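Every number in this text was worked out from the coordinates using simple rules, so none of it is lab data. Bear in mind that the values here come from a model prediction, so they are computed numbers and not experimental data. Heads up, the Cβs are rebuilt from the backbone with ideal geometry, glycines too, and the neighbour counts pull from every protein chain shown.
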Amino acid sequence: MAAKKELLILAEYSQNKIHPVVFELLNKGQKLAEKADLNLSVLLLLPKKIDFSELIAHGADKVYYMEDPVFANPDEFIYKENILSFLAKAQIEIVLTGATNFGRSLAPRIAAGLKTGLTADCTALDIDEAGNLIQIRPAFSENILAHIKSDSRPQMATIRYQEFKKGTADRSRQGEIIALETKIKDNPNLKDIKKLSDREINIAEADIIVAGGSGVKNGEDFKLLKELADLLGGQLAASRDVVDAGLIAKEYQVGYSGQRVKPKLYFAFGISGAPQHLAGMKEAETIVAVNTDPSAPIFNLADYGIVADLYQVIPELIEMLKN
Amino acid sequence: MHIIVLIKQVPEMDKVLFDSEKGRIDRKSAGVEVNPFDLNALETAVAIKEQTGAEISVLSMGPNRAEEALKEAVARGADNAYLLSDQKFAGADTIATSASLAAAVETIGAYDLIIAGEMSVDGDTAQVGPQTAEFLNINHAAYVSELISLNESEITIKTSLWQANYSKSFSYPLLITVTKDINTPRLPSFKAKLKARKAEVKNLTLADIKEKLKIDKVGFKGSPTWVDNIVVPAEISRKTKVFSEEEKESAYHKIKEILIEKNLMED
Amino acid sequence: MKQVVINDLKKIVGDKWVDQNPERVLSYSRESTNDNYTLVAPEPIEGSVVVKAADAEEISQILKYANQEKINVIARGAGTALSANTIPAQESIILSLERLNKILELDEENMLLKCEAAVSLGDLNERLKSNDHLYFPLHPGDEGAQVGGMASMNAGGVRAVKHGIMRNQVLGMEVVLPTGEIVHYGGSEGKLLKNNAGYDLMQLMIGSEGTLGIITEVSLKLYPEPKANGTLIVAFASREDAFAAVPAILKKGIIPMALEYVEKDEIELAAADIGKKWPAQNGEYFLMIMLSEAEEDDLFEIGAQIDQITAEHNAVDMLIAQTTAERKDILEIRSHILPAISDKIIDSPDVTVPRSKLCEYLNILNELEEKYNTRCPVVAHAGDGNLHVIILKEAGSKPDYYESLKKDIYQNAVDIGGTITGEHGVGEMRLEYLKMMYSERELEIMEKIKDAFDPNDILNSGKSIIRK
């Protein structure tokens, strides 16, 4: 019996850990692999071997890895040379990788090297009746969703972080761990590479936004909102009136004259919902509004409203989330 | 020094209409303009030109009317303009586009630096830059937000990878894709714009680049991916559920549910 | 406010829509005047109540009730007014129109958009985006501004040179009179281009600053959207040159959408404040000229004429923005000047003079700067002869000469045929200067008009006109 072909997850190993999108892709990949009758494998390039059992527990049948100090830095050229040398010989049907900056910089080179199709920044995936990958992605500045197919192999896609859920670990799963040789270790054109700093995120990119309005009494109190935002891995924002009143800097402002945001979850604390503000956040996936005024216009837009004082609600929310 | 800037002409996104019922994109009321990210790419090139006296060529693949985008680039400081245009290029995906652009770059001649925008606002893929580098077999740096230093033999840029900022120094040739943070594109002077309206745009066809091409077919036929279907999501309509002060606790549970459902809780 | 009044109001609009919470009442009592002119804006009198009516019918009942109880009523929109036009000077019913926020009809045949009072300029523009050939030209600055307020204030703003100000855009209205009757102007449908029957009460309503009636619906004129748009930025080394170029351009028969004048310090602050960059690197004084033409060739032909005219007036540079994003950036920066400099300024009288007198007025300003040993930056809707003369703080506070300088700014404008306000209106802050403009008899007629509409003086009492 011929060996099953594979669905390969190209894993990002950065900041000394496996990027969490890899586990989300394993969960989704399991379902796709089953539907298309494929084995699920992971390829990691990393400076020093780690324990791969988590990958197997989350669904990997095989873990390929290359271990070399050269992988301590994000050098797309070295990465793609080595990945291409592996892919040239492997029986890979589908390659998925996280649409992180590195993923979106590296995957196109690999696809071009293989002259195969690549779909960027997918938010959904499926398998059609013929066993082909359906790749669904936003385009036209996120105004449409395009369903894309490829007629070349492997079919490649980069997938957004936090689109799929991480699955539960099954420690009884068995998998194979395969060491690969790092063939190319030198990039003569790259003269120097060094890490400068960790990246700050801006509110336009945030998945969760915790915003405060005139219900926030003074600048100091934004710390309370910041605490909630930090706890959720979100970003702090504000409506225009508090920015105009000098309670918080302009860069936090959401609205016509501030930033337009599209987070998955938007908390509006003490924001009445002036059209100026709504214009900047009405495209959020889910809006939760907290205001003491039951007639505040924000309640007409929000998915969930709580008629209560933000000074009570935030500490209680923080308390609940901590537990 | 010779810099090639890749330019795409895109519809004015503000004016493009999306019909969720018919699943259609309506561009009829939208004009066309230079992809906004490409203006940052061009501005980067112009700043280098001012510093080193580099020569700037702009290259665009598109229909004849993309000439306008190239003339805009000339008004803003480009020296030569090339339009890669042929009916056979129609329907190209990123692979076919990049292979064609790479062949055109090699047809134009020797270069040191290629600059492209991070992505186009109609495609949103961010793939054409890195793929063009691959077809040219040169290094690339994506998401470049700062040009740290540059001299005749080396360039150092700041890029954002692995959730951190890195500096990378390269020898030439190199391709970079730049983010909006790298600069604020300057406006052209009226006189330059007026003059550029009559600028010469050199035409390249498939026949001109064929020898350098690394794929067998171009355009739709040379594209491994195709759009099977498009869906225009309906405008968000919400049903508001309002909790009173007494119902706070159930509201908190709902919030927790949302966080889990949306995959926003770290575990 | 007496509890019995609160209860009665709740009977009209429902419990949920009557709000006495002091913090929220305060936020509905303050307007942009308080944010931008902190040292001179009056603070609201406490004790008001916010009422959010659902429709003209409820508003009618509230006004009838207010007449019966003799309570002052203030119509409240987005709160973007700049002359203390809606700040309560007595315990009042603050009638927020926020629930009247529906766009009712886009009538392509009559080229108009009919909407309720609280539709914002931003909402309106968003709605028109999905129409491929019609648009609404006016842009008073803050896109949160609502059409009801724009009409009652007769707003102007930057894009008024070609198509005029708010007064020229309104084809019809639904208004609740102070005595509670609901009336329609511009015919029963509010769609008339001409109406010569009797006195034009609709035009009287426009610019009456909420003292003659509460506007609940407005029909706005739309225009065919021009295809070739470009914004020119012309840089000058001197104020005089920049101002002299304005009538010279218009005299040639060039009618831009907007012809604005800005100065380097203010425009750069405004840009930095919203994370953008003012595009011009040369020059200190700028004309910002928005052109809208049928064809690109026309745009460049007119541009070339402007280039020539401004060169004759010693322009040092002329840039052009054609992409939507770049044109929008420029407009956004321009619209953000006031909030960006609000911590540095005391006041900015928006005097207006005949366009031909712009240079003469500028010379007067130079003399005033010398007389008071200060600097008066100017931002101007130059094409309309409308200036915003900025009175700066000195060492963070109000200088002794403030009142005297302000009076000179107004009086000199009036003396050369101008007015004390081109767009912000009288409100409370300019009441005392109305006498510079009008005779006793004229003021008396205004008062009688007010009496005719509002015999009990319950609607925005004490604003806009002088009462004995």
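In table form, for the structure just shown:
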item	result
Within straight-line cross-link reach of residue B:221, lysines at Cα separation under 16 Å, skipping those fewer than 8 residues along the same chain	A:115, A:149, B:88, B:210
Compactness index (Cα Rg / 2.2 N^0.38 Å), region C:228-339	1.00
Virtual spin-label span in nm between residue C:407 and residue B:212, 7 Å along Cα→Cβ	7.7
Entries in A:282/B:158; C:344/C:371; C:398/C:468; C:407/C:448; A:5/B:214 that, when Cα-Cα distance is taken, lie over 24 Å	A:282/B:158; C:398/C:468; C:407/C:448; A:5/B:214
Fewest-first ranking of C:359, C:115, using other Cβ atoms within 10 Å as the exposure measure	C:359, C:115
Rounded to whole Å, sorted largest first: equivalent-ellipsoid semi-axes of region B:75-142, Cα gyration tensor	17, 16, 14
Ratio Rg/Rh [Cα only; Rh per Kirkwood] for region A:1-86	0.98
Inverse of mean 1/r across different Cα pairs in region A:50-112, Kirkwood, Å	13.2
C-alpha center-to-center spacing [region A:252-323, region C:171-250] in angstrom	35
Stokes-Einstein D (µm²/s) once Rh is taken as the Kirkwood radius of the protein assembly as shown over alpha-carbon pairs, at 25 °C in 0.890 mPa s	78
Hz values of 3J(HN,Hα) by residue in region C:84-93 - Karplus curve (6.51, -1.76, 1.60), Gly and Pro given as x	6, 8, 10, 7, x, 9, 7, 4, 9, 8
Rounded to 5, percent antiparallel among DSSP beta bridges of region A:115-173	75
Share antiparallel - DSSP beta bridges, the protein assembly as shown, percent rounded to 5	55
Point-to-point label distance, residue C:57-residue B:237, nm (Cα→Cβ direction, 7 Å offset)	2.4
Local net charge near residue C:8, Cβ-Cβ under 14 Å (Lys/Arg +1, Asp/Glu -1)	+2
Given charges at Cβ of Lys, Arg, Asp, Glu: region A:203-322 dipole, positive-most of A:208, A:294, A:310	A:208
Per-residue Cβ neighbour rank within 10 angstrom, fewest leading, B:238, C:334	B:238, C:334
For chain A, share of DSSP beta bridges that run antiparallel, in % to the nearest 5	20
Kirkwood Rh (inverse of mean 1/r, distinct Cα pairs), region A:203-322, angstrom	13.6
Cα-centre dipole for region A:176-250 with unit charges at Cβ (Lys and Arg positive, Asp and Glu negative), debye to 20	280
Charge context of residue B:70, other residues only, Cβ under 12 angstrom, K/R +1, D/E -1	0
Inter-centroid distance (Cα atoms) of region A:160-176 relative to region C:57-125, Å	56
For the protein assembly as shown, with +1 on Lys and Arg beta carbons and -1 on Asp and Glu, the positive-most of A:133, C:80, B:116 along the dipole	A:133
Residue-by-residue Karplus 3J(HN,Hα) for region C:348-357, coefficients 6.51, -1.76, 1.60, Hz, glycine and proline x	8, x, 9, 4, 9, 10, x, 3, 5, 9
With Cα atoms, 0 to 90° folded angle of helix B:248-261 axis to chain B main axis	40
Gain in span if fully extended, residue C:444 to residue C:277, counting 0.36 nm per residue against the direct Cα distance	55.1 nm
Relative contact order [Cα under 8 Å, 6+ residues apart], region C:3-96, whole percent	36
Cα-based Rg and Dmax for region A:6-180, where Dmax is the largest Cα-Cα distance (Å)	15.0, 45
Stokes-Einstein D for region B:2-222, Kirkwood Rh over Cα pairs, 4 °C, 1.567 mPa s (µm²/s)	73
Radius of gyration and maximum dimension Dmax of region C:1-160, Cα, Å	17.0, 53
Residue list for region B:7-40, given a label point 7 angstrom along the Cα-to-Cβ vector of residue C:268 and an amide N cut-off under 18 Å	none
10 Å-binned pair-distance histogram of region A:133-251 (Cα, whole percent)	9, 19, 22, 28, 14, 7, 0
Amide H within-cut-off set for residue C:75, under 5 Å, with H built and near neighbours excluded	C:95, C:460
Distance violations [Cα-Cα > 25 Å] among A:35/A:165; A:28/B:256; A:264/C:276; A:250/B:193	A:264/C:276; A:250/B:193
Where the Cα pairs of chain A fall when distances are cut into 20 Å bins, in %	28, 47, 24, 1
Cα-based Kirkwood hydrodynamic radius, region C:343-436, one decimal, Å	13.2
Spin-label pair residue C:126/residue A:186, simplified geometry with 7 Å Cα→Cβ offset, distance in nm	5.9
Förster radius 25 Å - calculated FRET efficiency between residue A:260 and residue C:294, Cβ distance, rounded to 0.05	0.20
Rg ratio (alpha-carbon, reference 2.2 N^0.38 Å) - chain C	0.98
